[in-house]
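First comes the structure, then the notes that go with it.
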Amino acid sequence: MEYQIALLPGDGIGPEIVREAKKVLEKIGNVYGHAFSFREALVGGAAIDATGAPLPQETLRIVRESNAVLMGSVGGDAKNPATARWYQVDPKLRPEAGLLGLRKGLGLFANLRPAYLYPQLADACPLKKETVPGGFDMVIVRELTGGLYFGERGTQTVDGVRRAFDTCVYDEKEIRRVAVKAFDIAMKRGRKLLSVDKHNVLDTSRLWRQVVEEVGADYPQVALSHMYVDNCAMQLVHDPGAFDVVVTDNMFGDILSDEASMITGSIGMLPSASLNETKFGVYEPSHGSAPDIAGKGIANPIATILSAALLLRYSLDLEEEAKAVEAAVEKALEAGYRTADIAGVGTVAGQAAADGGGISTGQMGDVIAGCIG
Ligand code: NAD
């Protein structure tokens, strides 16, 4: 089978880490007999420099002709003279607008943020060992295009007093489509789904819970439960091993997914996916463009490589291949290979120290590709 994949390396460490994920996909293609055809396109600051726009029409065209998109990251440092020009313009023309434009243009309403504690990196977890005896492995599915961040808002001065408001609106269609995605993901994992809301206070949460239960009637094999968002924030640090698939609205998901990523202790390891109603998705690491280490060859490519695994699973339905990538990452960690950001964490026989504080981005890509097949 032939698959079209758009590569959008973006800025900062983006080109370095996307190169390694491509290497891993090429190895998967060789081992499992798939033809991946890659087309590279510009986004973010790199696109601004070349065309004046953070999301050129040409990029959208290439993306629309592809089965899925693998992205690096966009953005620079507004205080750094090398990238300050990207920020001295209308916010709609800044690098980050490229990412928002992509989400809007492709109707990407479901954001998947897995958080997994590798046994080999358990020392990086900021929680006490007793709190995570068996580690944790969860996916937070965040609604991405509705709710509080997109409702009517304003600031006024009434009788000399300043007031501001933001409105949270959801309709049942928006809730239903993200719930369907979350149930589908639960079917591919442990058949457990937790819906998080603030049902005791918010009307949007009451509708949310009703619609999620209606969708649940079509998935009798999935055990559905509900939790208030404040309790969820506590439980994530009290017993993260109890979570599997979590679905929640835009703002709650924004906060909870950052909390879940923090307790893994390693930002360079976390993938993400943004999906629409079809199989199409944009896959990218959860971290940013890390301008402080760009061009040094020391960035950790694992989050991007794991994003490629999600691409295989959710856009191409290649579950065995996705698992092969995840197993290869684990094998590399087990053998003691570490990039600088995780150097010294649970390493075998001080390998990272012997390598002068960690292996390079390219070496990590080679090791992981070498663990496949
Ligand atoms: P960041 O995630 O880029 O970096 C935070 C810290 O983590 C830095 O010290 C960085 O060196 C380190 N880090 C991040 N990824 C790493 C990796 N793979 N390997 C090793 N170390 C890694 O966050 P930031 O500094 O707040 O943002 C930098 C830029 O990225 C900004 O322009 C921001 O707008 C942008 N950004 C983009 C995205 C995206 O494209 N989706 C997401 C977040 C931030």
Quick one: count up the residues across segment 218-249 that are in contact (Cβ under 8 Å) with a residue 40 or more places away in the chain and among the polar types (S, T, N, Q). 1
Please indicate, with yes or no, whether at least one residue in segment 89-110 is open to solvent by 20 Å² or more (accessible area, probe 1.4 Å) and at positive phi. yes
Residue count, segment 236-259 (criterion: over 22 Å from MET269 (Cβ atoms), assigned to a helix (DSSP H, G or I) and open to solvent by 10 Å² or more (accessible area, probe 1.4 Å)): 3
Residues in segment 288-307: is at least one crowded, with 24+ Cβ neighbours inside 10 Å, hydroxyl-bearing (Ser, Thr, Tyr) and part of a helix (DSSP H, G or I)? yes
Count of residues meeting criterion [within 16 Å of the ligand (Cβ to nearest atom) and either of a type in the set (S, T, N, Q) or not in a loop (DSSP other than H, G, I, E, B) (or both)] in segment 37-93: 22
Is it true that ARG85 is modelled with pLDDT under 95 and either open to solvent by 30 Å² or more (accessible area, probe 1.4 Å) or not acidic (Asp, Glu) (or both)? yes
Would a scan of segment 115-137 turn up a residue that is open to solvent by 20 Å² or more (accessible area, probe 1.4 Å) and either on the phi > 0 side of the Ramachandran plot or of a type in the set (Phe, Trp, Tyr) (or both)? yes
Could you go through segment 184-207 and let me know if any residue there is in contact (Cβ under 8 Å) with a residue 12 or more places away in the chain, loosely packed, with under 12 Cβ neighbours inside 10 Å and polar (S, T, N, Q). yes
Among SER307, SER286, SER315, which is the only one that is closer than 30 Å to LYS79 by Cβ and more than 10 Å from the ligand (Cβ to nearest atom)? SER307
Residue ID - surrounded by the most Cβ atoms within 10 Å (Cβ to Cβ), chosen from residues in segment 1-36 that are part of a loop (DSSP other than H, G, I, E, B) and away from the ligand (no atom under 16 Å from the Cβ): HIS34
Selection status of ALA308, under 27 Å from LEU106 (Cα atoms) and not assigned by TED's automatic domain parsing to the domain that holds HIS238: yes
Given the conditions (1) in contact with a Pro (Cβ under 8 Å, 6 or more places away or on another chain); (2) at pLDDT 95 or above, report the number of the one that LYS296 does not fulfil. (1)
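The values are calculated or read from the model by the stated rules, or taken from the named source; none is laboratory data. None of the values given here were measured: they were computed from a predicted structure. Neighbour counts are summed over all protein chains in view; Cβ atoms, including those assigned to glycine, are modelled from backbone coordinates with ideal geometry. Quick note on the areas: whole protein, heavy atoms, side chains included, nothing else; ligands and nucleic acids left out. Shrake-Rupley method; radii C 1.70, N 1.55, O 1.52, S 1.80 Å.
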